[in-house]
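Have a look at the structure below, then the notes.
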Amino acid sequence: MARFQAPRGTRDLIPGEIERWQWVEAMARDVFDRYCYDEIRTPMFEDYELFARSSGEASEVVQKEMYRFKDQGDRDLALRPEGTAGVCRAYLEHGLASRGRVHRLWYMGPMFRYGRPQKGRYRQFWQIGAEIIGTPAPRADAEIIALFVDLFEAWGFEDLVVMVNSVGTVESRQAYADRLKDWLAPVAKLLSPESQERLTRNPLRVLDSKHPTDLAILAGKQGGLDPSTMPHMLDELDAESREHFEAVRSELESVEINSEIDHGLVRGLDYYTRTAFEVHDRSLGAQSALGGGGRYDGLIEELGGPATPGVGFSIGVDRVLLAMESRGDTLVKKAGTIFVASTEGTRPAAPAIVRALRAVYAVDHDLEARSLSSQMKSADKVEARVVMILGEDEWKQGQVVLRDMKTGSQTTANLDEMVESIDRILGSDREVESEEE
Ligand code: AMP
């Protein structure tokens, strides 16, 4: 066994695996570009206090999962557990509000949570997220949900349904919390210790519990609760939040996005307002949430800024990849490479040819002066599309041999026309592809 291993809950993404990640990232960039969202990159660690405020001092993330540390200057810092807090901090720090009223931003990067690692749950994981800061308009919620769905579609997901709910305002949520508490009262003693605690502090969070006992109780399988009698947040909404929710749903309908109401979808913190949404892939079992988001009209104020509405989402990239694997997607192939093989007499000329070709193609070659047959084996191994053989006789005539690895046929090409000749071989692939379409 190797002397050192990646820390528990972290993973290396090695060649063979990384291609799929690059593909997921490239597709995401493409979708964000088409939606006219700008990328923002913020530090991987911030003041601990920023997360304590944004995730809530009492939240599980802050209480148990935070990578909190003191640096050499005795600063109280933490590795970021999520992306929105940093984005909002940067929005305020750079006075983005003065540059325009509405900002559409996206980010991608690693997040850190000290949880118990399992499949789909890591201590370092990746998120891709987006935020619209500066408008309370329901159309913004619908746009962010459409973007959320279009990302999944770009990644090849077909039948995911977005679950939506509204968490209203601080006041309407309080009224709902009281009703929920009454409803849960008969089973209070049976709930997990954490949920019993939540019941007194923040009853909505009981609905967020992943504890098997709580899940069984909420599903009516234990304790005798009838899930169909669970109070619904939507029944407690204030008039404006109700109007907002209806507007979001009809906007979603107008862009043909299927959404279903999930009454159990709640967010417990005070600055979450109105829309909440999530998407699951049931094939992933317990860690089925691929991503979620919602409106956070109170967050920027909580961070010390002026009251500024916002709505956003984050997607767990690790889980997206797991779902793609379980769906049986084949690995995305890199575009065919060119392999330059040389012989004893032409070996000194190879690096210059390789470097020139690398201005146009992905080009591989042997670094170790091995035999031509070993070089051909390497070309096979990297699945080269074309092998350029620098044969001594041809080289003297200013020519090279091009071997089409798909058909096995070989042609001789003049050195000053090598790009055209290679393109002709690669072009035959494109013709086949367009015939197949
Ligand atoms: P959250 O910020 O908790 O709403 O998480 C957003 C998304 O990030 C989730 O839906 C998951 O897909 C993903 N996620 C959260 N925690 C982890 C983790 N520990 N490991 C892998 N993915 C995670």
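At-a-glance table
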quantity	calculated
The stretch 234-246, residues that are open to solvent by 30 Å² or more (accessible area, probe 1.4 Å) and part of a helix (DSSP H, G or I)	D235, E236, A239, E240, R242, E243, E246
Tally, over the stretch 252-268, of residues that are more than 23 Å from the chain's Cα centre (by Cα) and surrounded by 20 or more Cβ atoms within 10 Å (Cβ to Cβ)	1
Some residue of the stretch 321-331 being hydroxyl-bearing (S, T, Y), open to solvent by 40 Å² or more (accessible area, probe 1.4 Å) and over 32 Å from the mean Cα position of the chain (by Cα)	no
Some residue of the stretch 350-367 being in a loop (DSSP other than H, G, I, E, B), surrounded by fewer than 12 Cβ atoms within 10 Å (Cβ to Cβ) and away from the ligand (no atom under 16 Å from the Cβ)	yes
Given (1) over 16 Å from the mean Cα position of the chain (by Cα); (2) within 16 Å of the ligand (Cβ to nearest atom); (3) in a helix (DSSP H, G or I), index of the condition E49 fails	(2)
Count - residues of the stretch 241-267 that are more than 12 Å from the ligand (Cβ to nearest atom) and either in contact with a Cys (Cβ under 9 Å, 6 or more places away or on another chain) or not hydrophobic (A, V, I, L, M, F, W, C) (or both)	17
Residues located in the stretch 190-224, provided they are touching a Pro at 6+ places or on another chain (Cβ under 7 Å) and buried (at least 17 other Cβ atoms within 10 Å of the Cβ)	L218
Leading residue by the ranking (modelled with the lowest pLDDT) among those in the stretch 103-116 that are more than 8 Å from the ligand (Cβ to nearest atom) and open to solvent by 30 Å² or more (accessible area, probe 1.4 Å)	R116
Matching residues, the stretch 376-404, being closer than 21 Å to A356 by Cβ and under 39 Å from the mean Cα position of the chain (by Cα)	S378, A379, V382, A384, R385, V386, V387, D404
Only one of R41, R68 that is without any contact (Cβ under 8 Å) to a residue 24 or more places away in the chain, open to solvent by 50 Å² or more (accessible area, probe 1.4 Å) and either in contact with a Phe, Trp or Tyr (Cβ under 9 Å, 6 or more places away or on another chain) or under 18 Å from L151 (Cα atoms) (or both)	R68
Selected residue (only one of A137, A154 is of a type in the set (A, V, I, L, M, F, W, C), surrounded by fewer than 21 Cβ atoms within 10 Å (Cβ to Cβ) and over 22 Å from R295 (Cβ atoms))	A154
Conditions (1) among the β-branched types (V, I, T); (2) open to solvent by 50 Å² or more (accessible area, probe 1.4 Å); (3) at pLDDT 95 or above; (4) under 28 Å from W21 (Cα atoms): number failed by V386	(2)
Total residues in the stretch 116-130, condition under 21 Å from V279 (Cβ atoms) and either part of a strand (DSSP E or B) or touching a Lys or Arg at 6+ places or on another chain (Cβ under 6 Å) (or both)	9
Residues satisfying the stated conditions in the stretch 159-195, i.e. among the small types (G, A, S) and closer than 17 Å to D214 by Cβ	A177, A185, A188, S192, S195
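The values are calculated or read from the model by the stated rules, or taken from the named source; none is laboratory data. In this text the structure is predicted, and so the values were computed from the model without any measurement. Ideal geometry is used to build each Cβ from the backbone, glycine not excepted, and the neighbour counts take in all protein chains shown. Each accessible area value is taken on the protein alone, full model and side chains, heavy atoms only, with ligands, DNA and RNA left out. Shrake-Rupley method; radii C 1.70, N 1.55, O 1.52, S 1.80 Å.
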